[in-house]
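The values are calculated or read from the model by the stated rules, or taken from the named source; none is laboratory data. This structure is a prediction, so every number in the text was calculated from the model and none was measured. In this analysis, Cβ positions are derived from the backbone assuming ideal geometry, glycine residues included, and neighbour counts consider all displayed protein chains.
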Amino acid sequence: MNSYIEQLSRIKSAWNSFKADPKNKKIRIRDAANQLNVSEAELLSTEVGDNVFYLKIEKYNLFFKDLLDADRLMFLIRSNYVVHEVIVNTSDIDIKDNSFIYIDKDFPIVRFDSHLFHYVFFEQKTHAGKELKSFQIFDVNGNAILKIYLKGKAFSCFDQIADKHKCEYDYAIQKNKSNDFSNSIKKGDISLVKTDYDLTLKFSLNKKIDIKGDVLRYLLENSSSRKNPIQIHAFGETVIQYYKGKIKNVVDFGPWINVIDKKFNIHIFESKITSAVVSEYMDAGNFLFVVDFFDIDNNNVLGLCPVENYEDDFNDIVNDYIRSNK
């Protein structure tokens, strides 16, 4: 036990020194963990106390059902270079088959495999004068799978859910340093992506086109200016998250290109997205495009495609880019 205590103490000291350095003020905890050569969950475990609590959850379906008693939630997933955030009213969603779904569309917001959930923390803090509360779920390696933030005013609801599952931290992360496990949702697995179309039965894949350049920026900016709804899905650690709708505010912050809207935010480290593949699907003379984006490590981290009844609009934007970059 003493070795685990000492290990946590060393990580805590390194983490505190890192945060004390002014140049690290804006670095996210995931990126800090990479720099310190530890997992994000390990860093969070050093803060267990007044504002961070370790949770034990036996039945995730019941845990998620309880979250629906809150008023407004934000689901956040991320990879190294993409952060995908969807904000929803809980009256519009439900939990079904390892997914949060929109009730009226029976379409997923986020898909996961709860068997891969290993550590859960509840964090409450003040940021920019606002109280933030979140449940953060990690895999066996301490990588964040899914974070769920309160975006409404149901503070007592979140507190009560946390109180139900709080337990004493037993150095579980320090005890388990294994990196040997299999993901049932493979990261970046295109075959698992859901769209408005049956791409496996009704449509057939006609061809694929490799694309370089600023196609991601082109698609985002033109979808915004033309006010066309689109689907934007992202891959995290064994999780897929979706947004379907119009995007408005496409803005740059440093090296990141972002969409900052009321119900959807995405942050993309643009220079780290190094290639794209356009897949053309055909059905009885009709066609549609799905565009997948890959990072510098060749991970499929992001995809864009049309939503039902807006195929022509999306196809036009993709074709315009292809023609102008021949």
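So, in the stretch 143-164, of the ones that are under 24 Å from the mean Cα position of the chain (by Cα) and in a helix (DSSP H, G or I), which residue ends up farthest from residue 123 (Cα to Cα)?
The qualifying residue farthest from residue 123 (Cα to Cα) is 157.
Quickly run through the stretch 189-224 and pick out the residues that are assigned to a loop (DSSP other than H, G, I, E, B) and either at pLDDT 90 or above or more than 22 Å from the chain's Cα centre (by Cα) (or both).
Result: 197, 198, 199, 200, 201, 202, 203, 212, 213, 214.
Residues 39, 79, 91: which one is modelled with pLDDT of 95 or more and among the small types (Gly, Ala, Ser)?
91
Consider residue 292 against the criteria (1) surrounded by fewer than 16 Cβ atoms within 10 Å (Cβ to Cβ); (2) of a type in the set (Asp, Glu); (3) assigned to a strand (DSSP E or B): it satisfies all of them except one. Which criterion is unmet?
Every listed condition holds for residue 292 apart from (1).
Is it the case that the stretch 231-239 has a residue that's surrounded by fewer than 18 Cβ atoms within 10 Å (Cβ to Cβ) and assigned by TED's automatic domain parsing to the domain that holds residue 293?
No.
How many residues does the stretch 18-29 hold that are over 24 Å from the mean Cα position of the chain (by Cα) and either loosely packed, with under 11 Cβ neighbours inside 10 Å or more than 16 Å from residue 45 (Cα to Cα) (or both)?
Selection size over the stretch 18-29: 4.
Looking only at residues that are touching a Phe, Trp or Tyr at 6+ places or on another chain (Cβ under 8 Å) and in a strand (DSSP E or B) in the stretch 78-90, which one is surrounded by the most Cβ atoms within 10 Å (Cβ to Cβ)?
84
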